[in-house]
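Colleague: Could you have a look at this structure, given as structure tokens, before my questions?
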Amino acid sequence: MGIIRFILDKLSKEKLQSPEEKIMYVIAGLGNPDKKYENTRHNIGFDVIDALADKYNISMNEKKHKAICGKGIIAGQKVLLVKPQTYMNLSGDSIAEVLDFYKLDPAEDLLVIFDDISLAPGNIRIRKKGSAGGHNGIKSIIARCGSSDFSRIKVGVGEKPDGWDLADHVLGRFSKEERECVEDAIADASRATELIVLGETDKAMNDYNVKKVK
């Protein structure tokens, strides 16, 4: 009886984990977790995740994998929205744990959304892969996942003013005028995400890799 019960318990646990835990795509937005960083340039990835969660009624109520997560459906695909809570420079610790847990391939199943100082507020740029480009969060993901082959959406936050420290710039907030442009970019990033999840990354690039704001 003991052996039979052990086997049944094991099968029951596997059954609970399989269908429920089966995730087709991971969508991660990068940022810093403390309240003082809310709405800063560096947290634009979190803002896009929040917009997606609102649009698709996904509850961001799970704390695991060193992140705040939410499961839901986007464009017919089961996705996991992820906001790493490791602080930006250690984002890879969280993303690698998520991919390992769900046995996913970053080249096929991961989209990362983050800030880019080389783009003006209001613009986004989509890439299928690439280097870190000086972004510490992406650098961490590449190092921990062992690959730079994953889709990403860069959301423009503007170049730092002359004489400013880079950290002061990215940890600062947008002006009212900039914020209006940023809201448009967040909406574009959300729509681009839908296309990427559907496997239409080329269309997303054609539609949204257009400079809208100088």
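Only the coordinates and a few stated rules stand behind these numbers; no lab work does. This structure is a prediction, so every number in the text was calculated from the model and none was measured. A quick note on method: Cβ atoms are made from the backbone with ideal geometry, for glycine too, and the neighbour counts reach across all protein chains shown.
Colleague: Output wanted: per-residue J couplings in Hz (rounded whole) for segment 205-211, from phi through Karplus 6.51 cos²θ - 1.76 cosθ + 1.60, θ = phi - 60°, x for Gly and Pro.
Modeller: Going residue by residue, I get 5, 5, 7, 10, 7, 10, 6 Hz, with x marking Gly and Pro.
Colleague: Relative contact order, percent, of segment 21-208 when contacts are C-alpha pairs under 8 Å separated by at least 6 residues?
Modeller: 25
Colleague: Mind giving me the FRET efficiency for Met24 and Ser175? R0 is 45 Å, r the Cβ-Cβ distance, nearest 0.05 is fine.
Modeller: 0.70
Colleague: Let me ask something additional. What ranking do 160-169, 128-137 get when scored by the average of other Cβ atoms within 10 Å per residue, highest first?
Modeller: 128-137, 160-169
Colleague: Expected output is a single nm value to one decimal: the length gained when fully extending between Glu183 and Asp165, i.e. 0.36 nm times separation in residues minus the C-alpha distance. What is it?
Modeller: Working: separation 18, 0.36 × 18 = 6.48 nm, distance 2.51 nm.
Using 0.36 nm per residue and subtracting the Cα-Cα distance, I get 4.0 nm.
Colleague: Related question: Quick one: Karplus J couplings for segment 81-92, per residue in order, coefficients 6.51, -1.76, 1.60, θ = phi - 60°, nearest Hz, x for Gly and Pro?
Modeller: Karplus values, whole Hz, x for Gly and Pro: 7, 9, 10, x, 10, 8, 6, 3, 5, 10, 3, x.
Colleague: Say R0 is 30 Å: what FRET efficiency, to the nearest 0.05, do Tyr56 and Asn136 get from their beta-carbon distance?
Modeller: Taking R0 as 30 Å, the efficiency between Tyr56 and Asn136 is 0.55.
Colleague: Could you give me the ³J(HN,Hα) list for segment 160-177, computed from phi with Karplus coefficients 6.51, -1.76, 1.60 and θ = phi - 60°, whole Hz, x at Gly and Pro?
Modeller: Once θ is set to phi - 60°, the couplings for segment 160-177 become 6, x, 4, x, 8, 7, 4, 4, 4, 5, 6, 8, x, 10, 6, 6, 4, 5 Hz.
Colleague: What residue among Glu177, Glu38, Glu194 has the largest mean-square fluctuation in a Gaussian network model of the chain, using Cα springs under 10 Å?
Modeller: Top of the fluctuation ranking is Glu177.
Colleague: In degrees between 0 and 90, to the nearest 10, how far off the longest principal axis of the chain does helix 2-21 point, with axes built from Cα atoms?
Modeller: Result, in degrees: 30.
Colleague: Given a Förster radius of 35 Å and the C-beta distance between Leu198 and Lys36 as r, what FRET efficiency does 1/(1 + (r/R0)^6) yield to the nearest 0.05?
Modeller: 0.45
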